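Note sheet for the following structure.
The values are calculated or read from the model by the stated rules, or taken from the named source; none is laboratory data. Owing to the predicted nature of the structure, the values given are computational and were not obtained by experimental measurement. Because the Cβ atoms are built from the backbone with ideal geometry, glycine has one as well, and the counts that use them run over all protein chains shown.
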Amino acid sequence: MPPVPMGKSGQTLAKGFNQLGWHWWPSDTAIATQQYDGRDRCINLGACGSGCAQGAKASTDITYWPHAVRAGVEVRTRCRVREITVNDEGMASGVAYYDEEGVERFQAAQVVIVACNGVGTPRLLLNSTSGKFPNGLANSSGLVGKNLMFHPYASIQGVFDEPMDGYKGPGVCIWSQEFYETDAERGFVRGYTYEINRGRGPVATALTGMFSGRIPRGEGHHEAYRRLFNRITGMVGICEDLPEEHNTVTLDPDLKDAHGIPAPKIDYTLSENSRRMLDHAVARGTEVLRAAGAVDIITEAPIGVGGWHLMGTARMGTDPQRSVVNEWGRAHDVRNLFIVDGSIFVTSAGVNPTRTIQALALYVADSMKKRLANLFD
Ligand SMILES: Cc1cc2nc3c(=O)[nH]c(=O)nc-3n(C[C@H](O)[C@H](O)[C@H](O)COP(=O)(O)OP(=O)(O)OC[C@H]3O[C@@H](n4cnc5c(N)ncnc54)[C@H](O)[C@@H]3O)c2cc1C
Ligand code: SF4
C-alpha cells in the first residue's frame, strides 16, 4: 500500500533532514491507506489514538480475531490465568483460571501458548510452581523475568511560526535511522530511530504547553495557547535498550491482585548506554528542528520511565542454559509450552516491537504446524 501522506509537518522536517544530509523515508504504519480485508481506508482525520471509526488503523480485534473466530476459535474474555498446570511427565496439562464471575476453572490442554507479553508472561511462569518446577515453569536457566528491556524515548518538539497541520492524519509520517547503527565515537553502542510524529491535537497541545511552562495560568493563557496550537511538530527518538540481567520482573512478596495471585514487581534502571543515547537523540533532533525552521524547542528525555514496550524476559535461544524458549518458541523445559510475545526477544531493536511480535507469532505458529506430528518429541 502507499505510505500515509507526509503532510505539512513531514515535509517541513524532511527539509531539515535534507539540509543536514541525513537520511529519512516515509514511515510504514499499521494503517490501511487502501481498502483492505473489509476495512476502509484512512481518511487522515487524525486523533487515531482515541480510536479509528474507519477501521483503517490495524489492531488485533479487527485483523486476526475475526478470522480466528470464523475458523472456530472460542474467545473467553475477562478471564485471568493463575497458573499453568503440569502432569507427572512434566508436560503442560492446562491452565487454572478465574472466569468473568471470579469462579475458578480448569481448562485442559494438549498445547499451551502464552502471549501475556513481557511482564505478564514471566509473572505467569513464576506463579506456575510445582514439585517438578519449584522455581517457576520453564525456568531451569533462571532467566524467566530477567533481561527486561523497555524502549527509552526522547521527545524533541519544535514550535514553528506557521501552521503545521500536524493534527491531521496518522501519528507518524516519516522515519530516520541515520543514527541506528553502532558508531563507537558516539560513546554508546547500538542506536535509535527518529519517528516524526506530526503535531498535537488541542488537548495534547495544552498539556505540553502547561508542563513545559509555555502556557501560563490566568493572564496570557489563551494567547500562549494560540501561539502553540497547530504550530508544534517534532519527533521521538526510540532507543535500543540493552538486555541486562539486573532489569527484572519478579513476584511481589506482598502485593496480590483481586484474585489473590501474586503481582509482578519490576526493577529497572536506565543504563548509562541508554542515557547517552537519549542525550545524543535530543542534541541531533534539536539540530534537525532548527534546520527545519523551529523557533523554540521543547524536549523530554526519557519520556516518563518508559515501559510501554516490554521485552526480553523469556529470551529465545538454542542453549537451554542461556535461554527460556528454543529457536521456534518452544520452552526448553516443557515440550508442549510455547511463548509468542515480546518476552522472547533477545535484543530490543530501536523500533516499536509489535510488528516483530506478530511476525514471531506467525513464525512460531508455522513452525508448530510443520512439526505437528513430532511436536512433543
Ligand atoms: C501507550 C502505548 C503505546 C504503544 N504504541 C505502540 C506503537 O505505536 N507501535 C508498536 O509497535 N507498539 C506499541 N505499543 C506496544 C504494543 O501495545 C505491544 O507491543 C502489543 O500490545 C503487544 O501485544 P501482545 O499481544 O504480545 O501483548 P498485549 O497486547 O500486552 O496482550 C497481553 C494480554 O495478556 C493478558 N494477560 C496477561 N496476563 C494474563 C493472565 N495471567 N491471564 C489472562 N490474561 C493475561 C493481558 O491482559 C493482555 O490482554 C504501545 C503500548 C502502549 C502501552
Ligand atoms: S487518521 Fe487515524 S483515525 Fe483517522 S482514518 Fe486514518 S487511521 Fe483512522
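Might you let me know whether the stretch 294-301 holds any residue that is surrounded by 20 or more Cβ atoms within 10 Å (Cβ to Cβ) and within 16 Å of ligand 1 (Cβ to nearest atom)? No, there is no match, as no residue in the stretch 294-301 is surrounded by 20 or more Cβ atoms within 10 Å (Cβ to Cβ) and within 16 Å of ligand 1 (Cβ to nearest atom). The single residue among 343, 348, 323 that is in contact (Cβ under 8 Å) with a residue 12 or more places away in the chain, closer than 22 Å to residue 267 by Cα and not in a loop (DSSP other than H, G, I, E, B) turns out to be 343. Inspection of the stretch 154-161 identifies at least one residue that is in a loop (DSSP other than H, G, I, E, B) and assigned by TED's automatic domain parsing to the domain that holds residue 205. The set of residues from the stretch 25-47 being farther than 19 Å from residue 175 by Cβ and of a type in the set (S, T, N, Q) comprises 34, 35.
Conditions (1) aromatic (Phe, Trp, Tyr); (2) over 21 Å from the mean Cα position of the chain (by Cα); (3) assigned to a loop (DSSP other than H, G, I, E, B), marked per residue:
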{"site": "141", "(1), (2), (3)": "no, yes, yes"}
{"site": "145", "(1), (2), (3)": "no, no, yes"}
{"site": "170", "(1), (2), (3)": "no, no, yes"}
{"site": "178", "(1), (2), (3)": "no, yes, yes"}
{"site": "190", "(1), (2), (3)": "no, no, yes"}
{"site": "193", "(1), (2), (3)": "no, no, no"}
{"site": "207", "(1), (2), (3)": "no, yes, no"}
{"site": "213", "(1), (2), (3)": "no, yes, yes"}
{"site": "241", "(1), (2), (3)": "no, no, yes"}
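Quick check on the stretch 223-230. Is at least one of its residues in contact with a Gly (Cβ under 7 Å, 6 or more places away or on another chain), over 22 Å from residue 13 (Cα atoms), charged (D, E, K, R) and assigned by TED's automatic domain parsing to the domain that holds residue 156? Checked against the condition, which is being in contact with a Gly (Cβ under 7 Å, 6 or more places away or on another chain), over 22 Å from residue 13 (Cα atoms), charged (D, E, K, R) and assigned by TED's automatic domain parsing to the domain that holds residue 156, the stretch 223-230 yields no hits at all. Residue 90 meets the conditions (1) crowded, with 17+ Cβ neighbours inside 10 Å; (2) more than 16 Å from ligand 2 (Cβ to nearest atom); (3) among the small types (Gly, Ala, Ser) in every case but one. The failed one is (1). In the stretch 324-336 there is no residue that is away from ligand 1 (no atom under 12 Å from the Cβ), surrounded by fewer than 17 Cβ atoms within 10 Å (Cβ to Cβ), closer than 30 Å to residue 103 by Cβ and of a type outside the set (Val, Ile, Thr).
Per-residue answers, yes or no, for (1) farther than 30 Å from residue 242 by Cβ; (2) more than 16 Å from ligand 2 (Cβ to nearest atom):
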residue	(1), (2)
59	no, no
74	yes, yes
111	yes, yes
152	no, yes
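Taken together, 203, 172, 189 contain a single residue that is crowded, with 21+ Cβ neighbours inside 10 Å and either on the phi < 0 side of the Ramachandran plot or of a type outside the set (Asp, Glu) (or both), which is 172.
For every residue, the table says whether it meets (1) touching a Lys or Arg at 6+ places or on another chain (Cβ under 9 Å); (2) in contact (Cβ under 8 Å) with a residue 12 or more places away in the chain.
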residue: 78; (1), (2): no, yes
residue: 81; (1), (2): no, yes
residue: 85; (1), (2): no, yes
residue: 99; (1), (2): yes, yes
residue: 110; (1), (2): no, yes
residue: 132; (1), (2): no, yes
residue: 150; (1), (2): no, yes
residue: 184; (1), (2): no, no
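Taking the conditions (1) surrounded by fewer than 16 Cβ atoms within 10 Å (Cβ to Cβ); (2) under 26 Å from residue 351 (Cα atoms) in turn, residue 220 satisfies each one other than (2). Listed by first and then second residue, the pairs with beta-carbon distance under 8 Å, at least 6 apart or on different chains, first residue in the stretch 34-47 and closer than 25 Å to residue 201 by Cα, second outside any loop (DSSP other than H, G, I, E, B) and more than 16 Å from ligand 1 (Cβ to nearest atom), are 44/7. The number of residues in the stretch 247-264 being away from ligand 1 (no atom under 15 Å from the Cβ) and either at pLDDT below 95 or touching a Leu at 6+ places or on another chain (Cβ under 9 Å) (or both) comes to 3.
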